[in-house]
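Below: the structure, in structure tokens.
The values are calculated or read from the model by the stated rules, or taken from the named source; none is laboratory data. Keep in mind the model is a prediction, meaning the values are calculated, not measured. So basically every Cβ, Gly included, is an ideal-geometry build from the backbone, and we count neighbours across all protein chains shown.
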């Protein structure tokens, strides 16, 4: 039976954290790099029975675009366990995240990072590529993260022009 849980990350039980980490690590081990990442504010877990099969994390942040502040809901670590893919679980997680960004956080945009091969998946749900790199903080310095930067407008607004500065760690 499908169940979707959305919680502040700090309120996850040890069991829920372990299940989340299992989902994410099973999907992202090939993408690990030398960046330090932010801790999420919110976690969505999609369960099939007692098995956590998909996850997505949400980060509340005020970034800068073109030198102007913009409050966004960052979306990251969107993953589904390999053996549970192609069954709609990632879609359930993403739609729950989009609803949360629009209805609860009330941000104008969701913002995420994406590998080229995953862009078509996100485009089906209204996300669009808005940049090819973003300035992020790292211990002792700022660096550029070279990935597709995708955005989702919760209110149908166009993404503002200019360089994106996360004003903190990436997610």
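Results, tabulated for the structure shown:
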{"read-out": "Positions within the range 155-171 being surrounded by fewer than 20 Cβ atoms within 10 Å (Cβ to Cβ) and in contact (Cβ under 8 Å) with a residue 40 or more places away in the chain, in sequence order", "value": "155, 157, 160, 161, 162, 163, 165, 167, 168, 169"}
{"read-out": "Single match in 49, 67, 110 (criterion: in contact (Cβ under 8 Å) with a residue 12 or more places away in the chain, under 24 Å from residue 23 (Cα atoms), touching a strand residue (DSSP E or B) at 6+ places or on another chain (Cβ under 9 Å) and surrounded by fewer than 20 Cβ atoms within 10 Å (Cβ to Cβ))", "value": "49"}
{"read-out": "Extreme residue, modelled with the lowest pLDDT, among residues of the range 130-152 that are surrounded by fewer than 16 Cβ atoms within 10 Å (Cβ to Cβ) and either touching a helix residue (DSSP H, G or I) at 6+ places or on another chain (Cβ under 7 Å) or not in a loop (DSSP other than H, G, I, E, B) (or both)", "value": "146"}
{"read-out": "Scan of the range 157-171 for residues that are in a loop (DSSP other than H, G, I, E, B) and either closer than 17 Å to residue 73 by Cβ or touching a helix residue (DSSP H, G or I) at 6+ places or on another chain (Cβ under 6 Å) (or both), ordered by number", "value": "157, 159, 160, 166, 167, 168, 169, 170, 171"}
{"read-out": "Any hit, the range 9-21, residues being assigned to a helix (DSSP H, G or I), surrounded by 12 or more Cβ atoms within 10 Å (Cβ to Cβ) and in contact with a helix residue (DSSP H, G or I) (Cβ under 7 Å, 6 or more places away or on another chain)", "value": "no"}
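Residue-by-condition table, conditions (1) assigned to a strand (DSSP E or B); (2) in contact with a helix residue (DSSP H, G or I) (Cβ under 9 Å, 6 or more places away or on another chain):
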residue: 59; (1), (2): yes, no
residue: 63; (1), (2): yes, no
residue: 75; (1), (2): yes, yes
residue: 94; (1), (2): no, yes
residue: 99; (1), (2): no, no
residue: 107; (1), (2): no, yes
residue: 112; (1), (2): yes, yes
residue: 117; (1), (2): no, no
residue: 120; (1), (2): no, no
